[in-house]
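Working notes for the structure below.
The values are calculated or read from the model by the stated rules, or taken from the named source; none is laboratory data. Model, not experiment: these values are computed from the prediction. All Cβ positions, glycine included, derive from the backbone under ideal geometry; neighbour counts span all protein chains shown.
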Amino acid sequence: MNQTTDETKTDHYGEDLPILSKSAETMRMEKLLSTPMPTFEGKTPGSFVWSNVAFWVARRILAAQFRTSEVTGVDTLPLDRGNLCCAWHTNGLIDPLQIVLKHPKNFVMGGRHDLVTRPLLGWWTRKLAVQPVVRKAELLRGGCSEEEATLLNGRSLMMLATGISSGFGCVLFPEGTSHNDSSMLRFRTGPFRTVFAAAAIAKANEKPIPALVPLGLHFRRRDHFRTDVWVEYGAPLHIQEEDISQELVDAVSQGTWVEPEAEHVYALRDSLRLRLAPMTPNTHDWDEYNALHLIGHVAARRTNQPLTWREEVESARAFRRLLQPQLTEEQVIANADLPVITHPAITPAKAASGLLQEQSLDGRDLNSSGTDLRSIRPVKAAMKLARLPFLSALLPLFLFCFTPQIAVGRLLGDSTDEGVDARTSYHFLAAMFGSLMFWPFMALGLLGIENMYHSSVESIIGFDWYMVYGDSSVQQTLAKFTFVLGILPCFWLSGRTSALFWDDWCDFKRAVRRIRFNKTSRQNLRGSLKVLHEEMDKL
């Protein structure tokens, strides 16, 4: 094993370990071992009140963070038993949030160890009874001893398995880390050992055997505010009862951890990889994947069928199956390098996609025939202009209440050492904690400003709103308290309307970029699209 520097350490497969952030390098074992245990008698593994508060706030934030959001496959989920959800992992904290908040079940959760030791975030995760896990990267880089990792992980995995067997949901990422690649990393065995232990506990208690649910997580631009997301629940994988050894059943029924049979763990891991690979971009690089999306848009224009984000992903997937040289199942399981697409259609598609990407444009900016850039759509432009006065009226309130958390989110997200895949995580956390921490003080500040100009406000509205409940000091205090509570939904409304304002502003900038598209580049774009159409005629 090469260990000359921290950056060159490798695992037992000879692959480079992920570079750890400063937060991940800090192992606070005493605090980790004192993490609250989940309970499975109630509706939530952690605090019922704080879990519901956290999920309610998180749903409000994600509704504003994404321009469009779609989920499919919920009807295929086996809700009569526990579900372990597994997906590829490219968007930090946003990945598990998308799964947890769109699944009908409540979840028992595990995550990277520093989730429960960070300031503020750690308080919430401990209330949610999140169980810390030490990854192989932390262990091999010397963050803790093997005995400490075994103790902590054994306890955490046992708690997760117990929760799954009790009928809760759970999400674990078999790649073991968030990344920036266009295809999956090698799978770790932790999730599969956990679901086998859950199956053994369920078998011992004569409960339904939990299911393993593959998921596709599809973000248009994962690091952008107001991007599009599609959560795709796939058909569940079921563990056969005969694959659960009696030794494992006896051990877990007594609350001790025993490793499941490696043969069955590897078989389940390989089955999931075969299911998950088609539900990811699964291309040699991102340029190739972007080119497939452009081909999908051109194909849709040829049949006059505009695409939603989900349809765009499905179309790119269909063309990948058609154009990409196929790997054998053994090669997919072995994490073999994906072959480069060499079909003649990919070259003009890459050229056209590259020209569009240089101007922050994509296939949505093509005209109805897919041969050039589209012009401004007068009806949609008029609708956006019509709502501009309303959106602008709430903009000052938005700037007043959101500026602090926007500043914190940008500062943390743009300066993190965890890569672009962690950027939206920090934006989300700033929005969540900023709303909970800053808004009460911002509301009090607004009350103070109103108090300074109270006589002017009274003359404008025609009455003294301090007296709405009566003229006693208690009643006036109640009126002010009502004002503070009432302004909080107004803050939220200003956030939602400003998100629409941002959408309109981004659409306006896209229109300007299309108009100002370099003349030579536009000729090259037309030429590439013409060649692409010719190649697609041959498909």
For the range 307-314, check the following and say yes or no: at least one residue is of a type in the set (Ser, Thr, Tyr), modelled with pLDDT of 95 or more and surrounded by 16 or more Cβ atoms within 10 Å (Cβ to Cβ).
no
Out of (1) touching a Lys or Arg at 6+ places or on another chain (Cβ under 8 Å); (2) buried (at least 16 other Cβ atoms within 10 Å of the Cβ), the one Ser369 does not meet is (2)
Which residue pairs have Cβ atoms under 9 Å apart, sit 6 or more places apart or on different chains, and have a first residue in the range 66-89 that is free of Cβ contacts under 8 Å to residues at least 40 places away in the same chain and a second that is surrounded by 14 or more Cβ atoms within 10 Å (Cβ to Cβ) and not in a helix (DSSP H, G or I)?
Asp75/Tyr233; Leu79/Lys105; Leu79/Gly167
Just wondering, is there one or more residues in the range 293-302 that are surrounded by 17 or more Cβ atoms within 10 Å (Cβ to Cβ), modelled with pLDDT of 95 or more, under 30 Å from Ser178 (Cα atoms) and in contact with a Pro (Cβ under 6 Å, 6 or more places away or on another chain)?
no
For the structure I just gave you, tell me whether His113 is farther than 25 Å from Ile333 by Cα, in contact (Cβ under 8 Å) with a residue 60 or more places away in the chain and not aromatic (Phe, Trp, Tyr).
yes
Just one of (1) buried (at least 18 other Cβ atoms within 10 Å of the Cβ); (2) modelled with pLDDT under 95; (3) of a type in the set (Gly, Ala, Ser) trips up Ser472, so point out which.
(1)
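Residue by residue, here is whether (1) acidic (Asp, Glu); (2) at positive phi; (3) in a helix (DSSP H, G or I); (4) in contact with a strand residue (DSSP E or B) (Cβ under 8 Å, 6 or more places away or on another chain) holds:
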residue	(1), (2), (3), (4)
Ala351	no, no, yes, no
Ser360	no, yes, no, no
Arg364	no, no, yes, no
Ser368	no, no, no, no
Thr371	no, no, no, no
Ile376	no, no, no, no
Leu397	no, no, yes, no
Pro404	no, no, yes, no
Residues in the range 72-95: is at least one under 27 Å from Leu212 (Cα atoms), modelled with pLDDT under 90, outside the structural domain of Ser435 (by TED's automatic domain parsing) and in contact with a helix residue (DSSP H, G or I) (Cβ under 7 Å, 6 or more places away or on another chain)?
yes
Given (1) in a helix (DSSP H, G or I); (2) over 21 Å from Ile164 (Cβ atoms); (3) out of contact with any Lys or Arg (no Cβ under 9 Å at 6 or more places or on another chain), His284 misses just (1)
Only one of Glu458, Glu450 that is in contact (Cβ under 8 Å) with a residue 12 or more places away in the chain and among the acidic types (Asp, Glu)
Glu450
Selection count, the range 401-430, where residues are at pLDDT 85 or above and either more than 28 Å from Ile487 (Cβ to Cβ) or touching a Lys or Arg at 6+ places or on another chain (Cβ under 6 Å) (or both):
0
Over the range 350-408, the set of residues of a type in the set (S, T, N, Q) and touching a Phe, Trp or Tyr at 6+ places or on another chain (Cβ under 7 Å) is Gln359, Gln405
Total residues in the range 29-52, condition free of Cβ contacts under 8 Å to residues at least 40 places away in the same chain and out of contact with any Ser or Thr (no Cβ under 9 Å at 6 or more places or on another chain):
5
Give me a count of the residues in the range 85-110 that are in contact with a Pro (Cβ under 9 Å, 6 or more places away or on another chain) and more than 24 Å from Pro281 (Cβ to Cβ).
5
For the subset of the range 431-458 comprising residues that are within 18 Å of Leu120 (Cβ to Cβ) and aromatic (Phe, Trp, Tyr), which member is modelled with the lowest pLDDT?
Phe433
What helices (runs of 4 or more DSSP H) lie completely within the range 446-539 and have 2 or more residues being under 38 Å from the mean Cα position of the chain (by Cα)?
473-515, 519-537
Does Pro260 fit the bill of being touching a residue at least 40 places away in the same chain (Cβ under 8 Å), outside any helix (DSSP H, G or I) and within 19 Å of Gly354 (Cβ to Cβ)?
no
Criterion: in contact with a helix residue (DSSP H, G or I) (Cβ under 9 Å, 6 or more places away or on another chain) and within 27 Å of Trp439 (Cβ to Cβ) - qualifying residue of Ser521, Ser494, Ser456, Ser528:
Ser494
I'm checking my understanding of the structure. Among residues of the range 274-292 that are under 22 Å from Ser528 (Cβ atoms) and of a type in the set (Ser, Thr, Tyr), which one is surrounded by the fewest Cβ atoms within 10 Å (Cβ to Cβ)?
Tyr289
Condition broken by Ile244, with the remaining ones in (1) surrounded by 20 or more Cβ atoms within 10 Å (Cβ to Cβ); (2) modelled with pLDDT of 95 or more; (3) not aromatic (Phe, Trp, Tyr) satisfied:
(2)
Does the range 111-131 include one or more residues that are at pLDDT below 80, over 24 Å from Val408 (Cα atoms) and surrounded by fewer than 18 Cβ atoms within 10 Å (Cβ to Cβ)?
no
Within the range 299-316, the residues that are among the aliphatic types (A, V, I, L, M), within 28 Å of the chain's Cα centre (by Cα) and part of a helix (DSSP H, G or I) are Ala300, Val313, Ala316
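Yes/no per residue for (1) touching a helix residue (DSSP H, G or I) at 6+ places or on another chain (Cβ under 6 Å); (2) within 21 Å of Gly176 (Cα to Cα):
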| position | (1), (2) |
| --- | --- |
| Glu259 | no, yes |
| Glu263 | no, yes |
| Arg269 | yes, yes |
| Asp285 | no, yes |
| Asn304 | no, no |
| Thr308 | no, no |
| Glu312 | yes, no |
| Thr347 | no, no |
| Ala351 | yes, no |
